[in-house]
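Quick note: the coordinates plus some simple rules give every number you see, no bench work behind them. Predicted model, so just to flag it, every value in this text is computed and none were measured. Virtual Cβ from ideal backbone geometry, glycine too; neighbours counted across all protein chains shown.
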Amino acid sequence: MVRLITQVIAFSVGIFVVPGLTSGLLAQERSISDGVYTTEQAARGKREYTQQCATCHSTNLRGGEMAPGLVGQTFISGWSGETLWTFADFTNATMPQDAPGNLSVQGLNDVIAFILSSNDYPAGDAELSLDLESEGDPIMID
């Protein structure tokens, strides 16, 4: 009887605990500090930002009467703990203010790369490619 109980417990641990540990080890959390965009992408994003966003958020990203700043601690702390996808989804749904959702997916990714660059987050080897249809790999804002 004791042996049967031991086997049942071992089986339960194998089914419920080990897969949880394995998935936790395989799915490492990434953050914007890990270099999630390229410098070329940020340069494209600066051009797109100048055309689509600077009128309200200003050319230096510090904001103005109509829009908040997109650089500095106030901006980062407002999004800290959220995913970059959440930020992209919000931005797509609300910006530009006069034509929400007007940016292409590539344009939106480029503008976000420019914002990250302007906040001194490092560039990496691969372009940011958030898919607005699916949250995908979560990239945390830290």
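Can you find a residue in segment 101-121 that is aromatic (Phe, Trp, Tyr), in a loop (DSSP other than H, G, I, E, B), in contact (Cβ under 8 Å) with a residue 24 or more places away in the chain and within 20 Å of residue 138 (Cβ to Cβ)? The answer is yes; a qualifying residue exists. Of the residues making up segment 53-100, those that are within 18 Å of residue 119 (Cα to Cα) and assigned to a loop (DSSP other than H, G, I, E, B) number 17.
Taken together, the residues in segment 61-92 that are out of contact with any Phe, Trp or Tyr (no Cβ under 7 Å at 6 or more places or on another chain) and within 22 Å of residue 36 (Cα to Cα) amount to 22. Annotation: of all residues in segment 100-142 being more than 14 Å from the chain's Cα centre (by Cα) and buried (at least 17 other Cβ atoms within 10 Å of the Cβ), the one that is nearest to residue 73 (Cα to Cα) is 118.
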